[in-house]
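Notes to accompany the following structure.
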């Protein structure tokens, strides 16, 4: 049993390491450097064509990226150095902000046939610390489960109680942090259970995981996608205080009719167009 747990734990570490291979130390980002973090920054910069009209995502911090950073710094009222310093990072990411999950926060029941609204609060940093609004104020909303995990006991331990752990289930969306709400309908592939929580994460690493999602189509699955050892300036997050339940099944759009109204209307429209074409062809033949 211990060997099985060790293997699972090792696999989890490998997957998490692969995810965070997209993340580079900001101190290594400079003119002439090449890294995955540069790719993430370029992805962000190209969203504003006025700042980065070329839109190349190469991972190389060359003259074009330097020029784009200078334009960004000018927009934020910073010295136009072209370097990705701490002040410029605060201009890009919601660094030093705090997010708090408001709903769901424990005890709710989400039915799969109903649109649910996730809500959160945002605490802004002291204006003396950060007076610049981030140009890329993104937050990641993710579905987790609270599960009890059995871990190997210490040699001197008399009892070995299970440890509660948040297990990643599904990435829901990357949203604007300052919107403070997001409506979502539970997907059919999520099993019914009473142990779900919502986690909302903000910080530099959201860009890397957002790019992972864009490149790979999904986020890596592991027991902990957001390691608690990650520096607080890179990422911080908040979870639901208590678990909530997901229940129900997704009903088909037309449970009683053999042909859905939307399909029926489409067929009628096609028939009308076909009749019009036939009449036009008759008119053309008469004119000839």
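Going residue by residue through region 179-193, is there one that turns out to be surrounded by 13 or more Cβ atoms within 10 Å (Cβ to Cβ), more than 18 Å from residue 245 (Cβ to Cβ), modelled with pLDDT of 95 or more and in contact with a strand residue (DSSP E or B) (Cβ under 8 Å, 6 or more places away or on another chain)? Yes, region 179-193 contains a residue that is surrounded by 13 or more Cβ atoms within 10 Å (Cβ to Cβ), more than 18 Å from residue 245 (Cβ to Cβ), modelled with pLDDT of 95 or more and in contact with a strand residue (DSSP E or B) (Cβ under 8 Å, 6 or more places away or on another chain).
Entry remark, region 149-172: residues being surrounded by fewer than 14 Cβ atoms within 10 Å (Cβ to Cβ) and part of a strand (DSSP E or B) number 3 in total.
A search for C-beta distances below 7 Å between a residue of region 188-203 that is on the phi < 0 side of the Ramachandran plot and free of Cβ contacts under 8 Å to residues at least 24 places away in the same chain and any residue that is assigned to a loop (DSSP other than H, G, I, E, B) and surrounded by fewer than 21 Cβ atoms within 10 Å (Cβ to Cβ), counting only pairs 6+ apart in sequence or on different chains, returns nothing. Within region 102-120, the set of residues being surrounded by 21 or more Cβ atoms within 10 Å (Cβ to Cβ) and under 17 Å from the mean Cα position of the chain (by Cα) comprises 118, 120. When 67, 74, 138 are checked against the criterion of being under 25 Å from residue 211 (Cα atoms) and free of Cβ contacts under 8 Å to residues at least 60 places away in the same chain, a single residue qualifies: 67. For residue 113, the conditions (1) in contact (Cβ under 8 Å) with a residue 24 or more places away in the chain; (2) in contact with a strand residue (DSSP E or B) (Cβ under 9 Å, 6 or more places away or on another chain) are fulfilled apart from (2). Of all residue pairs spaced 6 or more apart or on separate chains, those with beta-carbon atoms under 9 Å, a first member in region 242-256 that is on the phi < 0 side of the Ramachandran plot and a second member that is exposed (fewer than 10 other Cβ atoms within 10 Å of the Cβ) and at pLDDT 65 or above are 246/191; 249/188; 250/188. Among the residues of region 123-144, the ones that are within 17 Å of the chain's Cα centre (by Cα) and in a strand (DSSP E or B) come to 7 in all.
Every listed requirement among (1) under 22 Å from residue 137 (Cβ atoms); (2) in a helix (DSSP H, G or I); (3) at pLDDT below 85 is met by residue 14 save one, (1).
The values are calculated or read from the model by the stated rules, or taken from the named source; none is laboratory data. Please read all numbers here as calculations on a predicted model, not as lab measurements. Glycine gets a Cβ as well: all are built from the backbone with ideal geometry, and neighbour counts include every protein chain shown.
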